[in-house]
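Student: Okay, handing you the structure first.
The values are calculated or read from the model by the stated rules, or taken from the named source; none is laboratory data. None of these values were measured; they are calculated from a predicted model. Cβ atoms come from the backbone with ideal geometry, glycine included; neighbour counts cover every protein chain shown.
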Amino acid sequence: MSDVEIKDHVKNHLFWDSRVDASDVQVEVKNGHVTLKGTVPSYRGKIAAEDIAMIKGVTVIDNMLDVRFAQEDVPKNEELKTVVEAVLRSSPDIDANKLAVTVQGSEVALTGTTESFWQRRTAEEIVFNVLGVTKLTSTISIEPATPPQDKSIEQDVKSALERNSHIDSSEVNVKVEEGVVTLSGKVEDWLARREAIDAACLTAGVRGVQDRMSVTAD
């Protein structure tokens, strides 16, 4: 597709998806590289907009959206910190006692540890769904219950890729060093890219995932 066609499709998809108020979102496209500008009323909406823009023909997405709330909806620092801590404690999938929350304005920082990479992602997703959060910085470290075995992790990730019907596993390279999985190569679309990342994130023992895959524009 041409850049004009991609732009039209992304804009139509943004306005179609009810997760995002796209009334103040601008879309720019150059050689398949999509840039999102403007404002959305929630951090969740910002993340969703990037996900929505992952359509055929798009090779790169630069999410420059700002999050802006109505002033009366913005909790103060301590109120926001209390809310974030409460929602983390309510999750049965993570140990909130091992996490620390700091808030500056409407920006939240998460530190601490989880036993798995998917638990870290869960904690981050919980936080960006909290009303009032405009930015999330996470430096949560992964401390598996047993020391990671790179060869075993690499084989588990490769096997997961081979089982996935959305991925051509022969096009994805997997490298593991000290529990950190690096994915490289080319995938045919954004679905395959997300599926590959999920395969790595959900594998036991993984301490981090580096995405160096590229999406073909065909």
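Quick grid of which residues meet (1) of a type in the set (A, V, I, L, M, F, W, C); (2) in contact with a Ser or Thr (Cβ under 8 Å, 6 or more places away or on another chain); (3) surrounded by 17 or more Cβ atoms within 10 Å (Cβ to Cβ):
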| residue | (1), (2), (3) |
| --- | --- |
| 51 | no, no, no |
| 64 | yes, yes, no |
| 80 | yes, yes, yes |
| 103 | yes, no, yes |
| 125 | no, no, no |
| 139 | no, yes, no |
| 147 | no, no, no |
| 151 | no, no, no |
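Student: To continue, here is another question. Can you tell me which of 133, 83, 103 is under 24 Å from residue 46 (Cα atoms) and touching a Phe, Trp or Tyr at 6+ places or on another chain (Cβ under 6 Å)?
Tutor: 133
Student: A further question on this structure: From the list 170, 165, which residue is at pLDDT below 95, among the hydroxyl-bearing types (Ser, Thr, Tyr), over 19 Å from the mean Cα position of the chain (by Cα) and in a helix (DSSP H, G or I)?
Tutor: 170
Student: Could you give every pair whose Cβ atoms fall below 9 Å, whose first residue belongs to the range 195-218 and is under 18 Å from residue 166 (Cβ atoms), and whose second residue is acidic (Asp, Glu) and part of a strand (DSSP E or B), counting only separations of at least 6 or pairs across chains?
Tutor: That search, which allows pairs on different chains as well, returns 196/211; 197/211; 200/211.
Student: Pull up the range 187-216, narrow it to residues that are farther than 22 Å from residue 122 by Cβ and either acidic (Asp, Glu) or loosely packed, with under 15 Cβ neighbours inside 10 Å (or both), then point me to the one that is modelled with the lowest pLDDT.
Tutor: Ranking the qualifying residues of the range 187-216, first place goes to 216.
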